[in-house]
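Here's the structure, in structure tokens; my notes come after.
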Amino acid sequence: MSTPLADVSVEASGCTRCPLAASRTQVVFGMGDPSADLMFVGEGPGAEEDRLGLPFVGRSGQLLDRLVLEEMGRRRDDGVYIANVVKCRPPANRDPKPEEVAACRPWLEAQLDLVDPKVIVTLGNFASRLLLDTTVGITRLRVRTYPYRGRVLVPTLHPAAVLRGGGGPMAQVRADLVRAKLALAGDPPLATRP
Ligand code: URA
């Protein structure tokens, strides 16, 4: 059955709004429960994601799945939706350019509107800075939670930073996921702005 989100995904699959369209294998729109109350937002697809057309399917994604299950008791298809700031892989995994982020933003806005999650977890600097409209870095942003259009936004480290950094960052992400769980249970945001 077609849903509004599935329709937008089909539309996005042919997107040529920025130069990343020329180098991608396919658009990685997002995946998960279309009426999830919990949404994760990463940076952009890597090689595995570009190959399979699904977000967070490489090592970072496996770690994310594990931590979300252990700290929140949820799996991807159960009350979770996963998306990225940019839907196409930047060549050689470089950072997305501001114009690419801007061109892709309407797709993310559509996902936020249609999934309508109660809690958004932003993974790393890109997603956290974009949605909180700040230049403050993730290490300072995390620990607090923020209001976002009537929702609660929980910034945390990108799982790739945990893969690089080990135990310290891992404990930080775990603590942030507990904050997200509390927000789902009704805890209000801890800060009013970054
Ligand atoms: N990193 C991201 O930010 N997104 C993915 O989908 C995979 C790795």
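Bear in mind these aren't lab numbers, they're just calculated from the coordinates by the rules spelled out. What you are looking at is a predicted structure, and each value in this text was computed from that prediction instead of being measured. Don't worry about glycine lacking a Cβ; one is built from the backbone with ideal geometry, like all the others, and counts go over all protein chains shown.
A few notes on this one:
- Residues of segment 176-193 classified as surrounded by fewer than 16 Cβ atoms within 10 Å (Cβ to Cβ) and touching a residue at least 24 places away in the same chain (Cβ under 8 Å), total: 7
- Residues (more than 12 Å from the ligand (Cβ to nearest atom) and either under 14 Å from the mean Cα position of the chain (by Cα) or small (Gly, Ala, Ser) (or both)) located in segment 17-31: Ala21, Ala22, Ser23
- Filtered residue count, segment 1-23, keeping only those that are surrounded by fewer than 18 Cβ atoms within 10 Å (Cβ to Cβ), touching a Cys at 6+ places or on another chain (Cβ under 8 Å) and not in a helix (DSSP H, G or I): 1
- One residue alone among Ala92, Ala83 is assigned to a helix (DSSP H, G or I) and either more than 9 Å from the ligand (Cβ to nearest atom) or under 20 Å from Ser13 (Cβ atoms) (or both), and that residue is Ala92.
- Ala171 being of a type in the set (Gly, Ala, Ser), farther than 25 Å from Pro45 by Cα and more than 16 Å from the chain's Cα centre (by Cα): no
- The set of residues in segment 95-110 that are loosely packed, with under 13 Cβ neighbours inside 10 Å and not in a helix (DSSP H, G or I) is empty.
- For segment 111-144, filtered to residues that are buried (at least 19 other Cβ atoms within 10 Å of the Cβ) and not in a helix (DSSP H, G or I), the residue that is nearest to the ligand (Cβ to nearest atom) is Leu123.
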